[in-house]
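Here the structure comes first, spelled out in structure tokens, and everything after it is commentary.
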Amino acid sequence: MKNICVIGTGYVGLVTGVCFADLGNNVVCVDIDVQKVEMLRSGKSPIYEPGLEELMERNMRAGRLTFTDDYRIGLDGARFVFITVGTPMADDGSADLRYVEDAAAGIGKAMTSSLIIIDKSTVPVGTGDVVTQIVSAHAPPDTTIDVISNPEFLREGSAVTDFFNPDRIVLGATNRAAAEQVAELHAPLKAPVFITDLRTAEMIKYASNAFLATRISFINEIAQICERLGADVKEVARGMGADKRIGPHFLDAGVGYGGSCFPKDVLALHHMAASAGCHPQLLRAVMDINSDARNRFVVKVEKLLGGLEHKVIGVLGLSFKPNTDDMREAPSVEIIDALQAAGAHVKAYDPVAMKHADNYLPTVTFCATAYDAAKEADALLIITEWNEFKQIDWERIKQVMHQPVVVDGRNIYDPDEMGNRGFIYAGVGRGLPPMLLARDGIAVPRQNPVS
């Protein structure tokens, strides 16, 4: 059993604190947001993450997990301190380190004994040195610190599972003995441990996220070509993914990546590279293709309806991915803003995210069910692939819609089945409806499936 302090209770911090407590450690989570701390003390999670609240309540009852807004209480008796605060995007595209720097100063001022400080926040290369300098400047005499970079690879919607079943543990350090202590902290997870220098560990996180974003943008570029040439991108991805050199993951064409990581991390890596005198042309293309995927989706809706002014558009799914309520950089926001700018009225439904969505989409009409969103709509758009959308009663949907137009931004449905149900259906990279082919002067029809 170890004594652990976690600074920050966002997605990464709360999952980290709760899960380490569940492994039998004593964990104190520190957050300067007093309201959030009170909410956590009452057993309620401020974020939607499957399984997290139940784990949190169990470990609080066992006395292994507590919450405070006081650094001194959090650090009292702690040997390991995790920094898990946010690193939002600055105006110039770089990572804003103000919260990391504040956390480092808070640790230095409150610490009374030697610490191992583990930075789990996604930070630019070289931040470990900055944290060391800040903490050391405030630390009391006769104390030592070791700063370890331990990037997180948690996916929102499956973060608890990811914590307990990691592909690898990455630790960057200048003191190998300190890194080995942190490795021992993770030993119950039985995952491979990679110990590197600080800067290499920090780069591993950015390179990993940029590569995954690149895969998404690549398949979206292929999807655009498939639409023009009459191929089906889902089958293309399936064929590609069967190659062991490629694999099937992150090859789902759609309206692009979003969330709190990929957009800001790709842009931050681009900024780091450009600042270092490099020419990050691939990263720029990845971002451009991602933005273009949303624009092309809106254009497709506009063409199917012959314009957007005064049209009623139903939207299913608002969060950037299923199983989370996170609206940060969600594709739905950019798409809906464009629809409204063109004169459309938008109605929307999401199983979880609507409580946050009004902060991003204040003029959208939020609905109680998917069927309410479809009522009297000229088109129904699928933006987030929640499971409940996969078993929709399409006869009921068709009866309440003004026009039977469905534009599927996540390729949930089969084009032929939707056509047989009487819908004008368009996915992403799965051929285009004949009316769009004719309007664009494209002679290649979508082929029938193999019988």
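Taken together, the values in this text are just the output of simple stated rules run on the coordinates, not laboratory data. What you are looking at is a predicted structure, and each value in this text was computed from that prediction instead of being measured. All Cβ positions, glycine included, derive from the backbone under ideal geometry; neighbour counts span all protein chains shown.
Data for the structure
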quantity: Equivalent-ellipsoid semi-axes of region 211-439, from the Cα gyration tensor, Å, largest first; calculated: 28, 21, 16
quantity: Reachable lysines from K190, criterion Cα separation under 18 angstrom, eight or more residues apart if same chain; calculated: K2
quantity: MRE, 222 nm, helices only [DSSP H, n ≥ 4, -39500 (n - 2.57), over the chain, to nearest 500]; calculated: -13500 deg cm²/dmol
quantity: Within the chain, percent of DSSP bridges classed antiparallel, to nearest 5; calculated: 5 percent
quantity: Cα gyration tensor shape for region 3-196, rounded if a/c is under 1.5, else prolate or oblate; calculated: rounded
quantity: Positive-end extreme of charge dipole, the chain - chosen from S275, V298, A178 (charges on Cβ); calculated: V298
quantity: Long-range HN-HN contacts of A348 with modeled amide H, under 5 Å; calculated: V315, T365, F366, C367
quantity: Cut-off 13 Å between beta-carbons: net charge of the residues surrounding V333, Lys and Arg +1, Asp and Glu -1; calculated: -4
quantity: Region 173-297: relative contact order in percent, alpha carbon pairs under 8 Å with at least 6 residues between; calculated: 27 percent
quantity: Dipole-positive endmost among A187, V236, L339 within the chain (Cβ charges, Cα centre); calculated: V236
quantity: Phi-based couplings in Hz for region 146-160 (Karplus 6.51, -1.76, 1.60; Gly and Pro marked x); calculated: 10, 9, 10, 8, 9, x, 9, 10, 8, 9, 4, x, 9, 5, 5
quantity: Dipole magnitude of the chain, debye to nearest 20 (Cβ charges: Lys/Arg +1, Asp/Glu -1, about Cα centre); calculated: 720 debye
quantity: C-alpha long axis of helix 331-341 to longest principal axis of the chain, angle in °; calculated: 50 degrees
quantity: Highest-first arrangement of 302-312, 46-56, 6-16, 104-114, where packing means the average Cβ count within 10 Å; calculated: 6-16, 104-114, 46-56, 302-312
quantity: Size of charge dipole - region 211-439 - debye, nearest 20, with Cβ of Lys, Arg +1 and Asp, Glu -1, no other charges; calculated: 360 debye
quantity: Helix 127-138 vs. the chain, principal-axis angle (Cα, 0 to 90°, nearest 10); calculated: 40 degrees
quantity: 0 to 90° range, to nearest 10: angle between helix 52-61 axis and the chain longest Cα axis; calculated: 30 degrees
quantity: Cβ-based net charge around G157, under 13 Å, with every Lys or Arg adding one and every Asp or Glu removing one; calculated: -4
quantity: Ranked packing of 206-213, 263-270, most packed first, by mean Cβ within 10 Å; calculated: 263-270, 206-213
quantity: Long pairs among K234/K300; K44/K355; K36/K347; K300/K347, criterion Cα-Cα beyond 22 Å; calculated: K36/K347
quantity: Region 211-439, relative contact order [Cα under 8 Å, separation at least 6], %; calculated: 23 percent
quantity: For the chain: relative contact order, % (alpha-carbon pairs under 8 angstrom, 6 or more apart); calculated: 12 percent
quantity: Long-range amide H partners of T196 with built H, under 5 Å; calculated: L171, G172, A173
quantity: ³J(HN,Hα) computed for each position of region 225-241 - Karplus, 6.51 cos²θ - 1.76 cosθ + 1.60, integer Hz, glycine/proline x; calculated: 5, 4, 4, 6, 9, x, 9, 10, 5, 5, 6, 4, 5, 5, x, 5, x
quantity: Net charge of neighbours whose Cβ lies under 12 Å from the Cβ of G254, counting Lys and Arg as +1 and Asp and Glu as -1; calculated: +3
quantity: Built amide H within the under 5 Å cut-off of F67, gap 5+; calculated: C29
